[in-house]
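Enquirer: Below you will find the structure I want to go over with you.
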Amino acid sequence: MPFPRSTAASNFAAGMSGTIDRFTNENLAGKLLDIGVRPGSRLRLVRRGPFGGSWYVKIDRHCVALRQQELACIMIK
Amino acid sequence: MHHDQVRPYPVVGLVGNPNSGKSSLFNLLTGLRQRIGNFPGVTVEKKSGTLQIDDLPPVELVDFPGAYSCYPTSLDERLVVQELTNPAGDLFPDAILYVADITKLDKHLLLFTQLRDLDLPMILVLNMADMVETSGLQVDVTELSRRLAVPVVSVSAREGRGVAELKQAIGDLLRDPAAFRPEEPFYEPGVLARDVLADLRRELPARNDYHALLLTHHASWLKHVPEKTRHLVQEARVKNKFHSLRAQVDETMTRYDTFEPIVKATVHHAGDTNSFSDRIDGVLTHHLVGPVIFVALMLFLFQALFAWSGWPMDGIEWFFATLGEGIRDYLPAGWLADLAVDGIIAGLGGVLVFVPQIALLFFFITILEEVGYMARAAYLFDSLMQKFGLNGRSVVALISGHACAIPAIMSTRTIANWKERLLTILVTPLTSCSARIPVYVILISFAVPDDSFLGFGYQGLAFAGLYFLGIASAMFSALIFKLILKTEERSFLMLEMPDYRSPVWRNVGITVWQKVKTFIVEAGKIILLISIVLWGLSSYGPPAKMAEAEASAAIIVQENGLSGDDAADVYAGEKLEASYAGHIGKFIEPVIRPLGYDWKIGIALFTSFAAREVFVGTMATIYSVGSAGDDELRIRDRMAEEINPVTGEPVYNQATAWSLLVFYVFAMMCMSTLAVTKRETGGWKWPIIQFTFMTTLAYVSAMAVYQVLA
């Protein structure tokens, strides 16, 4: 399978956004899909949480809180 | 499942995603005619209510827990899948009201299409129709209904609109369910599942292919799947190399692709609708300002709790004191009057006096939940909580624990990771619940002078200190358990943060009412029983000893020339020592002496293990001021007069008071909480561990405090 030039959402800085390409962890993918995070969705890192580790994220028009390692399995194109 | 006639007791299930406004709709449809129980075999709270539609038999409306999909990650969600895949079960609904938030249709249709493929008659309820006008959202309901092939009703649970149409639709559906069955599925099991299904389709008690697929995915934990079938499924999964996760992801993506065009064609958003919530979150979830606001909010909450609950509490105490006096005047003096006033009335008063505080605390917590702030609090503290082995969602339990550990422990069901959930359950009772308040109130006056420094009262500071001690010990204990317990299970945050909305007061009112009612009934039963038993134990004793006590009291009264109340106090004191309660107190005295307690405190301690709020009532009985009800000041004065016969010093000196306070902060003194822990963890192991660690912590700390201060 060809790998498109995509990068994990955890490499982003606050304020950056992109379109979700795919997930690299099936375990987390199932749960992310359930709450409406899916390929094609627009993802924007709004701000980092206190004590590090978690992010306030906007998926399309909805707000979700995700951990750093959860973002790490979301590839952005 | 064809019905030519309406079933005698039709069951309609209310299903939807979390935050879809499902419970608001349930409250709107059933009002206070709700019954709260548990789903069979599990501890998930089951709410059901009766709905009357025209001439139909009464409909039982069951409020299922919120779920995102048929692939559950939490206990709440598992239950939905379990009941909806079990056509033979009692709770299998005749019809489903699927509640979706009109502004989040692009997410909420996932579970809808899954349930639809289970061949269940359904109505799609679009909630929050009030948003349509305010946010410029447009929905083509007719087209949506045509494309999804189900009746679609828009309602506003907030404003109570659309109920008549909804009832009409439920009635139509129950009269002719066959007409509401789907003609074709949204999704056919794909390549990844084809082989395994070919093997299993005949073996499984499934209504259709999708039902069979779900059984294949979940057979290992579904309670209604027999052991034999479970093995068959397992073998077929291995043989066909069925990859459950991969199949789930494949299914979910296919479903999104199916209904996304439908949503696009029928729902139109006008610009960016969430700017209001976004602006608030810019402040409330700010990485520095956010936690500060949270702490300030909590301080305000507890301040208000004490400030506002004062006068209703005084009122309740006054009422029971007056009632007690009235009964004493009415009944002839004797054991019946004593039992009624010192046992039953004092016990009832002891329970009801907490109602204002519990109601207020639940009032605040429900508002925070309704507004959408709790999810933000979980986000703010997730990273910090993780360091202690907990989850951001544990914050909700740790806050609620300050009202009562029982609902707090039940709120942990949303934590998917078992270890995080277990730790939260184990440490939540260390937070100072409202039952500790009266104990603190009485003892602080002995521990801390009634003085102030720079405007801060020392007693108030000590009060705050005890709360801090509780939460700090909870976090510290979690850390220790985190290091002891090992788990490979993955932990999630993945938390939805709903838009801020003003609270629906109907929901707040119903929640507060239900919690208060549960408290009065559940805690009330125990406290009332203990009050009566304690009254018996302290009024009666071995006859010979009691006679002896009476004689010696008579001598003391004569020698000191006492009369009236003073004489009565002497009699009561001597008799208490000779009573069965006195014997119990003396029996445990050697164990608690290093903590600075005498046998009378021993009695109070002993009874407090049933429920700590019994302390005040026991003190009242022991110091024979029961006729004054639970008037804390009266008991306090009497306790201050208590002198240790050996040393001649007051019994309640600073060292003993602090030792007792620390004991009550840490000790596991609540049978109801242990019972809930047992239910939620599924056995005696964890409640026993919880009881042992908390009580050991209490004993050792109280001893250390007494030995240092004495």
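The values are calculated or read from the model by the stated rules, or taken from the named source; none is laboratory data. From a predicted model like this one, the values you see are computed outputs, not experimental measurements. Neighbour counts are summed over all protein chains in view; Cβ atoms, including those assigned to glycine, are modelled from backbone coordinates with ideal geometry. All accessible areas refer to the heavy atoms of the entire protein, side chains included, with ligands and DNA or RNA removed. Shrake-Rupley method; radii C 1.70, N 1.55, O 1.52, S 1.80 Å.
For every residue, the table says whether it meets (1) farther than 19 Å from residue B:612 by Cβ; (2) away from every other protein chain (no Cβ under 14 Å); (3) hydroxyl-bearing (Ser, Thr, Tyr).
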{"position": "B:495", "(1), (2), (3)": "yes, no, no"}
{"position": "B:505", "(1), (2), (3)": "yes, yes, no"}
{"position": "B:512", "(1), (2), (3)": "yes, yes, no"}
{"position": "B:518", "(1), (2), (3)": "no, yes, yes"}
{"position": "B:537", "(1), (2), (3)": "no, yes, no"}
{"position": "B:541", "(1), (2), (3)": "yes, yes, no"}
{"position": "B:556", "(1), (2), (3)": "yes, yes, no"}
{"position": "B:561", "(1), (2), (3)": "yes, yes, no"}
{"position": "B:564", "(1), (2), (3)": "yes, yes, no"}
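Enquirer: Another one. Consider the range B:651-710. How many of its residues are of a type in the set (Val, Ile, Thr) and open to solvent by 20 Å² or more (accessible area, probe 1.4 Å)? Steps first, answer last, please.
Expert: Step one: list which residues in the range B:651-710 are of a type in the set (Val, Ile, Thr), which gives B:651, B:656, B:662, B:665, B:673, B:676-677, B:681, B:688-689, B:692, B:695-696, B:700, B:705, B:708.
If we keep only those that are open to solvent by 20 Å² or more (accessible area, probe 1.4 Å) too, we end up with B:681, B:688-689, B:692, B:695-696, B:700, B:705, B:708.
Matching residues across the range B:651-710 total 9.
Enquirer: Go through the range B:28-50 and count every residue that is crowded, with 17+ Cβ neighbours inside 10 Å, of a type outside the set (Lys, Arg) and either modelled with pLDDT of 75 or more or over 24 Å from residue B:82 (Cβ atoms) (or both).
Expert: 6
Enquirer: Return only the number of the condition from (1) more than 14 Å from chain A (Cβ to nearest Cβ); (2) of a type in the set (A, V, I, L, M); (3) under 24 Å from residue B:283 (Cβ atoms) that residue B:385 does not satisfy.
Expert: Answer for residue B:385: the failing condition is (1).
Enquirer: Can you report the number of residues in the range B:291-335 which are open to solvent by 70 Å² or more (accessible area, probe 1.4 Å), of a type outside the set (Val, Ile, Thr) and modelled with pLDDT of 90 or more?
Expert: Total meeting the criteria: 1.
Enquirer: Which pairs have Cβ atoms under 6 Å, sit 6 or more apart or on different chains, and link a residue in the range B:679-707 that is closer than 25 Å to residue B:597 by Cβ to one that is open to solvent by 50 Å² or more (accessible area, probe 1.4 Å)?
Expert: B:705/B:658
Enquirer: Quick check on the range B:566-578. Is at least one of its residues of a type in the set (Lys, Arg) and touching a residue at least 60 places away in the same chain (Cβ under 8 Å)? Quick ask: steps written out before the conclusion?
Expert: Here is the first cut: in the range B:566-578, the ones of a type in the set (Lys, Arg) are B:575.
Next, only the ones that are touching a residue at least 60 places away in the same chain (Cβ under 8 Å) stay: none.
For the range B:566-578, residues of a type in the set (Lys, Arg) and touching a residue at least 60 places away in the same chain (Cβ under 8 Å): absent.
Enquirer: Looking at the range B:503-608, what helices (runs of 4 or more DSSP H) fall wholly within it and have at least 3 residues that are out of contact with any Gly (no Cβ under 6 Å at 6 or more places or on another chain) and exposed (fewer than 15 other Cβ atoms within 10 Å of the Cβ)?
Expert: Numbers: elements: B:505-539, B:543-560, B:564-578, B:580-592, B:599-608.
Fully inside the range B:503-608 and qualifying: B:505-539, B:543-560, B:564-578, B:580-592.
Enquirer: If you go through the range A:44-60 one residue at a time, do you hit one that is among the hydrophobic types (A, V, I, L, M, F, W, C), in contact with a Pro (Cβ under 9 Å, 6 or more places away or on another chain) and touching a residue at least 12 places away in the same chain (Cβ under 8 Å)?
Expert: Applying the first criterion (among the hydrophobic types (A, V, I, L, M, F, W, C)) to the range A:44-60 yields A:45-46, A:51, A:55, A:57, A:59.
In the following step, the residues that additionally are in contact with a Pro (Cβ under 9 Å, 6 or more places away or on another chain) were identified as A:51.
Now restrict to residues that are touching a residue at least 12 places away in the same chain (Cβ under 8 Å): none.
No, that holds for no residue.
Enquirer: Filter the range B:222-267 for residues that are in a loop (DSSP other than H, G, I, E, B) and open to solvent by less than 50 Å² (accessible area, probe 1.4 Å); which is farthest from the other protein chains (Cβ to nearest Cβ)?
Expert: B:225
Enquirer: Take residue B:203 and decide whether it is within 22 Å of residue A:29 (Cβ to Cβ), more than 39 Å from the chain's Cα centre (by Cα) and part of a loop (DSSP other than H, G, I, E, B). Full working, then the answer.
Expert: Values: within 22 Å of residue A:29 (Cβ to Cβ): no; more than 39 Å from the chain's Cα centre (by Cα): yes; part of a loop (DSSP other than H, G, I, E, B): yes.
No.
Enquirer: If I filter the range B:19-26 for residues that are modelled with pLDDT under 85 and open to solvent by 50 Å² or more (accessible area, probe 1.4 Å), do I get at least one hit? So that I can check it myself, show each step before the final result.
Expert: Taking the range B:19-26 first, the residues modelled with pLDDT under 85 are none.
No, the range B:19-26 has no match at all.
Enquirer: Which residue, of B:69, B:135, is small (Gly, Ala, Ser) and either more than 14 Å from every other protein chain (Cβ to nearest Cβ) or over 30 Å from residue B:244 (Cα atoms) (or both)? Lay out the reasoning, then the answer.
Expert: On the way: B:69 fails: either more than 14 Å from every other protein chain (Cβ to nearest Cβ) or over 30 Å from residue B:244 (Cα atoms) (or both).
The match here is B:135.
Enquirer: Something else: Considering only residues that are open to solvent by 30 Å² or more (accessible area, probe 1.4 Å) and either free of Cβ contacts under 8 Å to residues at least 24 places away in the same chain or of a type in the set (A, V, I, L, M, F, W, C) (or both), which ones fall in the range B:336-354? So that I can check it myself, show each step before the final result.
Expert: We begin by selecting, within the range B:336-354, every residue open to solvent by 30 Å² or more (accessible area, probe 1.4 Å); these are B:336, B:338-339, B:342, B:344, B:348, B:352.
Scanning the range B:336-354 gives B:336, B:339, B:344, B:348, B:352.
Enquirer: Working carefully through the options B:508, B:448, B:504, B:512, find the one that is more than 17 Å from residue B:365 (Cα to Cα) and among the β-branched types (Val, Ile, Thr). Talk me through it step by step, then tell me what you get.
Expert: Values: B:508 fails: more than 17 Å from residue B:365 (Cα to Cα); B:504 fails: more than 17 Å from residue B:365 (Cα to Cα); B:512 fails: more than 17 Å from residue B:365 (Cα to Cα).
After applying the criteria, what remains is B:448.
Enquirer: Would you mind listing the strands (runs of 3 or more DSSP E) fully within chain A where at least 1 residues are of a type outside the set (D, E, K, R) and more than 7 Å from chain B (Cβ to nearest Cβ)?
Expert: Details: elements: A:17-23, A:42-48, A:54-59, A:62-67, A:74-76.
So the answer is A:17-23, A:42-48, A:54-59, A:74-76.
Enquirer: A further question on this structure: Polar (S, T, N, Q) and touching a Lys or Arg at 6+ places or on another chain (Cβ under 9 Å), is that true of residue B:216? Even if it seems obvious, please write down each step before you answer.
Expert: Numbers: polar (S, T, N, Q): yes; touching a Lys or Arg at 6+ places or on another chain (Cβ under 9 Å): yes.
Yes; evaluated as a whole, the condition is true for this residue.
Enquirer: Of the conditions (1) within 17 Å of residue B:354 (Cβ to Cβ); (2) of a type outside the set (Ser, Thr, Tyr); (3) without any contact (Cβ under 8 Å) to a residue 12 or more places away in the chain, residue B:524 clears all except one; give me its number.
Expert: (3)
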